[in-house]
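A.B. asks: Would you mind keeping the following structure in view while I ask a few things?
The values are calculated or read from the model by the stated rules, or taken from the named source; none is laboratory data. The structure presented is a predicted model; accordingly, all values stated were derived computationally and were not measured. When we count neighbours, we look across all protein chains shown, and the Cβ atoms used for this are built from the backbone with ideal geometry, even at glycine. Note: accessible area is taken over every heavy atom of the protein model, side chains too, but ligands, DNA and RNA are not part of it. Shrake-Rupley method; radii C 1.70, N 1.55, O 1.52, S 1.80 Å.
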Amino acid sequence: MPKISDIQETPNPNAVKFILREPVTSGVARQFASADQSQGDSLAKSLFDIGNVVSVFYMDNMVTVEKEDVADWDELLPALAVPIRAAESAAPASGNGAAAAVGGAIAAVTSDDPRLLKINEILDEKVRPYLAGDGGYLEIIDLKDHTLTIRYQGACGSCPSSLTGTLMSIESMLKTEVDPELEVVPV
């Protein structure tokens, strides 16, 4: 059972990030945008069952919960802490396969397109650590011609800055380092 090390605010006023002492996954990101989506996941389901929860994202030793606008953090945080503390800790990852598939990068790992591998490296080194610091994540969905489709997760999924400044910075960086014609499109 993971112990909560810290609870941090994120740039998204409706999301908080719980930092855990033990991981709840081993390199696998899990995102749930509704209670219906969470039915097969005990941690996410228990968080949605509390009420006033809009989305749940977790990976490794981080759990990000987004609340409804009307909900009050002072009332919600103690209730959210209970199922997070009761969650099962993840077994340690074995082999390099788990590490290579971290963060929805399976498309990059299995792709023949060298641009996608380079994009994933850049995201891993320069973008994802900062998004994780704010309780979020970025997943590559597809790369076709000069269009990279991404999905923000966790606190970044509904944060206004992710669709403006952050997106423009990512696109600019990838245009400079990978493909000057690249367009980054969030879904």
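A.B. asks: Using the structure shown, decide if Ile150 is in contact with a Pro (Cβ under 6 Å, 6 or more places away or on another chain), open to solvent by less than 70 Å² (accessible area, probe 1.4 Å) and not in a helix (DSSP H, G or I).
C.D. replies: Values: in contact with a Pro (Cβ under 6 Å, 6 or more places away or on another chain): yes; open to solvent by less than 70 Å² (accessible area, probe 1.4 Å): yes; not in a helix (DSSP H, G or I): yes.
When the stated conditions are applied, Ile150 passes them.
A.B. asks: Filter segment 144-163 down to residues that are touching a strand residue (DSSP E or B) at 6+ places or on another chain (Cβ under 7 Å) and modelled with pLDDT of 90 or more, then give me how many there are.
C.D. replies: Looking only at that region, the number is 5.
A.B. asks: Could you tell me whether Val24 is touching a strand residue (DSSP E or B) at 6+ places or on another chain (Cβ under 7 Å), among the hydrophobic types (A, V, I, L, M, F, W, C) and under 14 Å from Arg85 (Cα atoms)? Spell out the reasoning first.
C.D. replies: Numbers: touching a strand residue (DSSP E or B) at 6+ places or on another chain (Cβ under 7 Å): yes; among the hydrophobic types (A, V, I, L, M, F, W, C): yes; under 14 Å from Arg85 (Cα atoms): yes.
When the stated conditions are applied, Val24 passes them.
A.B. asks: Could you pull out every one of the helices (runs of 4 or more DSSP H) wholly within segment 64-143 that has 1 or more residues that are at pLDDT below 85, under 29 Å from Met173 (Cβ atoms) and out of contact with any Leu (no Cβ under 6 Å at 6 or more places or on another chain)?
C.D. replies: Numbers: elements: 73-86, 95-100, 106-110, 114-122, 128-133.
Result: 95-100, 106-110, 128-133.
A.B. asks: Identify the single condition in (1) over 18 Å from Asp134 (Cβ atoms); (2) in contact with a strand residue (DSSP E or B) (Cβ under 6 Å, 6 or more places away or on another chain) that Gly40 does not satisfy, given that it satisfies every other one.
C.D. replies: Every listed condition holds for Gly40 apart from (2).
A.B. asks: Also, quick follow-up: Of all residues in segment 42-56, which are out of contact with any Lys or Arg (no Cβ under 9 Å at 6 or more places or on another chain) and either in a loop (DSSP other than H, G, I, E, B) or surrounded by fewer than 19 Cβ atoms within 10 Å (Cβ to Cβ) (or both)?
C.D. replies: Matches in segment 42-56: Ser42, Lys45, Ser46, Asp49, Ile50, Gly51.
A.B. asks: Quick one: how many residues across segment 29-40 are of a type in the set (Gly, Ala, Ser) and surrounded by 14 or more Cβ atoms within 10 Å (Cβ to Cβ)? Before you say what the answer is, go through the steps one by one.
C.D. replies: First, pick out the residues of segment 29-40 that are of a type in the set (Gly, Ala, Ser): 29, 33-35, 38, 40.
Cutting the leftovers down to surrounded by 14 or more Cβ atoms within 10 Å (Cβ to Cβ) gives us 29, 33, 35, 38.
Within segment 29-40, residues that are of a type in the set (Gly, Ala, Ser) and surrounded by 14 or more Cβ atoms within 10 Å (Cβ to Cβ) number 4.
A.B. asks: How many residues are farther than 11 Å from Met59 by Cβ and open to solvent by 30 Å² or more (accessible area, probe 1.4 Å) when one looks only at segment 5-28?
C.D. replies: 10
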